[in-house]
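For reference, the structure is listed below as structure tokens.
Each value in this text was obtained by applying a stated rule to the coordinates, not by laboratory testing. The model shown is predicted, which means the values in this text are computed figures rather than measured ones. Neighbour counts are summed over all protein chains in view; Cβ atoms, including those assigned to glycine, are modelled from backbone coordinates with ideal geometry.
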Amino acid sequence: MPHIKIKKIDTVTLEKICEVCDVVKFVAKPLSGDDMLYGVKHKGEEFLVQLKRAVDSDMLKYDKVSRPLKVDLIKEVLAKLSGEMDLEILTSNISLSTTKPPLSSKYFKKIEDFASKELVFDKISSGKLSFDEVSIEVGFGSGRHLLYQATKNPNILYIGLEIHTPSTQQVLKQIGLQGLTNIWIVNYDARLFLEMLPSNLCSQIFVHFPVPWDKKPQRRVISPSFVDESLRVLAPDGRLELRTDSHNYFWYSMETIFALPNADVSIVKNSRLAITSKYEERWRKQDKDIYEVHLTSHIVSEQVDREIDFSFAECGYRDGLQDDIPYSAIVEEEFFIHFERVYSVGDDGLLIKCAFGSFDRPEHKYILIECETTRYYPSIPVETVVNYKAHKKIMEYLKCQQCQPIL
Ligand SMILES: C[S@@+](CC[C@H](N)C(=O)[O-])C[C@H]1O[C@@H](n2cnc3c(N)ncnc32)[C@H](O)[C@@H]1O
């Protein structure tokens, strides 16, 4: 990840950086410690650049929580800072790539694109996007199955979800090379993503060879809430298809499904698909059994109209606010909040690094409190019910006006 190691410069110069560089909008200093954060805005994107201090050098580097998807933006800002502040660079890895990053493809969708429903799903339901059906593949890996399905069914829109960024980049490249126009790639956790979809949207949800997570079952894709959400998102007669080589995962999934009050389930052992993924090839060579489970939906689910609002009402900075912020994690039944680090921003502002939301899928954000306004930085959390419940609790700690109750 981009960084530059620079000859040590004095604190006064570093604090005055906003006056020299117009991309820097604020400087945040921790209440304890001597590293700093610079809030930058470059080409319409907001993110933080971190200054790490050592005895004989300083380092300017990206910040993990706020980093933009396009790495070149961070490199450009580091180059700008070093040029405009006349920094003496000791080592650097910020040479700009000349090739177009695949994540700039129009088939790459950000999670925020789905928050604004009219952007995506209204187009599908109003026929502005000419697809008959929508299918989802969770954890597509090398993408063999996803690409094969999309080629075979040009009338179906495939939404592929994958948390491993290099895999998403590779598949985006393949989409371009193969000239496919019916795949959207989302680099996001599928378990959270389903919650953002309208009910009765999909004809199929593929989960092929999910990581078994035998030692950390809470990280598994299949869970009671994932099965519930899948049934809500599936159209009547739509189905969830699980393929696994793991005996444990198969039985765990069966138990999860049979905990439902009704379930139409079928199981096929050692069936072959027209396309074999890399994982499946490996297991076949080892003569492992492959289990395929189909769960078919027969219900028309109600639409969930969640009025989720992550604004902080009229909340702004007040004297002594930093002393009211608890530093140990707050654990409630469904969610937690951990105010990890507090930075001061000028004389009347704070930047709080915060983790919150569900225990196995936490959000990591900053909260930027300025004189009269407070907001999540650089962007609002994903619109899930658990995140909203955590947000309401955060507002209580910041003593903001109560927001609307969730429906
Ligand atoms: C064992 S690989 C299987 C890949 C592919 N389906 C196949 O059959 O070759 C599991 C994939 O799921 C992805 N994955 C794991 N958890 C995920 C989640 N919660 N959301 C989206 N992708 C996930 C992993 O990054 C990995 O690429």
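Just a few scattered comments:
- Point-to-point label distance, Lys8-Ala54, nm (Cα→Cβ direction, 7 Å offset): 1.2 nm
- Rounded to the nearest 20, the size of the Cβ-charge dipole of the chain about its Cα centre is 1600 debye, with Lys and Arg at +1 and Asp and Glu at -1.
- Contact order normalised by residue count of segment 179-296, Cα under 8 Å, 6+ apart, percent: 29 percent
- Loop-resident sites, segment 348-399, for trypsin sites (Lys or Arg not before Pro), counting at most 10 other Cβ within 10 Å (DSSP): Lys399
- Within-12-Å neighbourhood charge of Phe356 [Cβ basis; K, R +1; D, E -1]: +2
- Gaussian network model of the chain, springs between alpha carbon atoms under 10 Å - residue of Val12, Val20, Val345 with greatest fluctuation: Val12
- Each of Cys18, Cys354 has some number of other Cβ atoms within 10 Å of its Cβ, and from fewest to most they run Cys18, Cys354.
- Applying 1/(1 + (r/R0)^6) with r as the Cβ-Cβ distance of Arg282 and Ser225 and R0 = 30 angstrom yields a FRET efficiency of 0.50.
- Taking the fewest neighbouring Cβ atoms within 10 Å as the starting point, the ordered list for Tyr397, Tyr38 is Tyr397, Tyr38.
- Value of [θ]222 nm, deg cm²/dmol, for the chain, DSSP H segments ≥ 4, -39500 (n - 2.57) each, nearest 500: -7500 deg cm²/dmol
- Ranked for footprinting exposure by Cβ neighbours inside 10 Å, fewest first, Tyr158, Tyr252 give Tyr252, Tyr158.
- Pairs from Lys152/Lys389; Lys5/Lys278; Lys173/Lys215; Lys173/Lys269; Lys80/Lys109 whose Cα-Cα separation, in the structure shown, is over 32 Å: Lys152/Lys389; Lys5/Lys278; Lys173/Lys215; Lys173/Lys269
- Relative contact order (percent, whole number), the chain, Cα cutoff 8 Å, 6+ residue spacing: 13 percent
- Of Lys365/Lys399; Lys64/Lys393; Lys29/Lys75; Lys110/Lys399, pairs whose Cα-Cα distance is over 27 Å: Lys110/Lys399
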